[in-house]
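One structure is given below, encoded as structure tokens.
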Amino acid sequence: MASLSLKHIYKIYPNGFEAVKDFNLEVEDKEFIIFVGPSGCGKSTTLRMIAGLEDISDGEFLIDGKIMNDVEPKDRDIAMVFQNYALYPHMSVKENMAFGLKLRKTPKHEINKKVKDASVILDLQELLERKPAALSGGQRQRVAMGRAIVREPKVFLMDEPLSNLDAKLRVQMRAEISALHQRLGATIIYVTHDQTEAMTLGTRIVVMKDGIVQQVATPRDLYNNPVNLFVAGFIGSPQMNFINAWCREEGDDIFLDYDRFTVKLPRKKASVLREKGYIGKEVIMGIRPERIFESQLELSVHEDSQMEVKVSGYELLGSEVLLYFDLLNEKPGEVVRQFSDDAYANLKKVKWTAKVDAATTARYGSVITVALDPNKIHVFDKETELAIVS
């Protein structure tokens, strides 16, 4: 396999549009790297530059220390799997997998061995004589992967390979791709806009927005320590809850005030806000839905971060329930606290989500008490949107 290095990579089109800006990444041998971000963020463009299907406007791209900027795609020893499979409909599975090797004039006995080995890895032994029309979406995707595997490339590139599959097949194929990475010990770069795929597959994730890398980290670190508001909101499902809050000091303690409520911060988080000069300032508070509790046990543990809310939405997910409620996104004060329900309803609000146990008795319209886990609160700068504490 291979290591890759992308140094200050830019993609600038003739009309001046910068699709990728100052992209830097070191990919180690056998890593599974995920490019993730919203549509139009530059992830597929970056993948195509690695494959040689797009010219690099500026910067250096190296494989195993060799500059590849001007090397033809066929000479980069890279295999690419697209989302549309791109199988030849008149050829059998075996012929589709062998086609690239035939073009390279690989000996027939070697082709047969590689196709057989790949078919075992992908569980395609019984399908080798079938045409693509007789295959399911998941089977076609495996054939496309098999065609890449038989080439034994240095790097596998996958551009949203699961996006055309239904939900059940996506789960199955995620597991198969992960197992394939372990068996082959391959270097894989995988593009997706699905953050669930990113979290479950990657050894490291590259989060992109507007052509700029926002953060590169392991899935766990990305989830627990997002560097800015965008990453915090993009990673995690349902997404992190956010609200404007005001940092208040009272004695040795620091509180975040929001809506008609307040939460006391743990000493470590409080000291960071104090040292960075955020006392008396407005910040953005974030907390993930699974760190909002309504059980009596959790309420007794988190007495300093409780709030009474009215449920405005209920979604049963089987083992879990999503509860929705609204919070005021303006500065709290005595006047706000005295608002009638009708006046409060007309103020600017944000919808929050709590992920709780399916045994909850809360339903639409219920008034319940919930508590935040102060240890899991994130705080972001209001102006720069950079993380202050995670």
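Values for this structure:
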read-out	value
Magnitude of the charge dipole, the range 215-263, Cβ model with Lys/Arg +1 and Asp/Glu -1, debye to 20	340
Phi to ³J(HN,Hα) by Karplus 6.51 cos²θ - 1.76 cosθ + 1.60 over the range 93-104, Hz, x for Gly, Pro	4, 4, 5, 4, 5, 8, 4, x, 5, 5, 4, 8
Per-residue SASA entry for Tyr314, accessible area with 1.4 Å probe, Å² rounded to 10	70
Reciprocal mean inverse distance between Cα atoms of the range 253-339 - Kirkwood radius, Å	15.1
Dipole of the chain [Lys/Arg +1, Asp/Glu -1 at C-beta], most positive-end residue of Ile63, Thr262, Val231	Ile63
For the range 4-97, the Rg and Dmax computed from alpha carbons only, in angstrom	15.0, 45
Cα extents of the range 146-210 along the three principal axes, largest first (Å)	31, 29, 18
Mean Cα-pair separation over length for the chain, i.e. relative contact order, pairs under 8 Å, 6 or more apart, %	16
Within the accessible area of the chain (1.4 Å probe), percent carbon and sulfur	48
Nonlocal Lys pairs with alpha-carbon distance under 20 Å, the range 249-330 (8 or more apart, or different chains)	5
Integer Hz, Karplus 6.51/-1.76/1.60 couplings in order for the range 139-149, x for Gly and Pro	5, 5, 5, 5, 5, 4, 5, x, 4, 6, 5
Scaled radius of gyration (Cα, divided by 2.2 N^0.38 Å) that the range 83-200 gives	1.03
For the chain, calculated [θ]222 nm from helices alone, where every DSSP H run of n ≥ 4 adds -39500 (n - 2.57)	-8000 deg cm²/dmol
Gaussian network model of the chain, Cα within-10 Å springs - most flexible of Gly137, Gly146, Gly277	Gly277
Rounded to the nearest 10 Å², the accessible area of Val367 at probe 1.4 Å	90
Which labelled figure in (i) 0.98; (ii) 1.02; (iii) 1.07 is Rg/Rh (Cα atoms, Kirkwood Rh), once derived from the coordinates	(iii)
Probe 1.4 Å, all protein chains present, accessible-area order of Thr46, Thr196, largest first	Thr196, Thr46
Share antiparallel - DSSP beta bridges, the chain, percent rounded to 5	75
Vicinal HN-Hα couplings computed from phi for the range 288-294 (Karplus, 6.51 cos²θ - 1.76 cosθ + 1.60; Hz; Gly/Pro x)	6, x, 6, 9, 10, 10, 9
Among Phe261, Phe156, Phe35: highest mean-square fluctuation, GNM of the chain, C-alpha pairs under 10 Å	Phe261
Where chymotrypsin sites (Phe, Trp or Tyr not before Pro) fall in DSSP loop in the range 53-105, at most 16 other Cβ within 10 Å	Phe82
Rounded accessible area per residue of the chain, 1.4 Å, Å²	48
Long-range HN-HN contacts of Glu31 with modeled amide H, under 5 Å	Ile188
Potential lengthening between Tyr88 and Lys382 on full extension [0.36 nm per residue; Cα-Cα distance subtracted]	100.5 nm
For Trp246, solvent-accessible area (1.4 Å; no DNA, RNA or ligand), Å²	40
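The values are calculated or read from the model by the stated rules, or taken from the named source; none is laboratory data. Here the structure is a predicted model, which means the values were calculated and not measured. Backbone-built Cβ (ideal geometry, glycine too); neighbour counts: all protein chains shown. The protein model used for the area step is the full one, side chains on, heavy atoms only, and it has no ligands, DNA or RNA in it. Shrake-Rupley method; radii C 1.70, N 1.55, O 1.52, S 1.80 Å.
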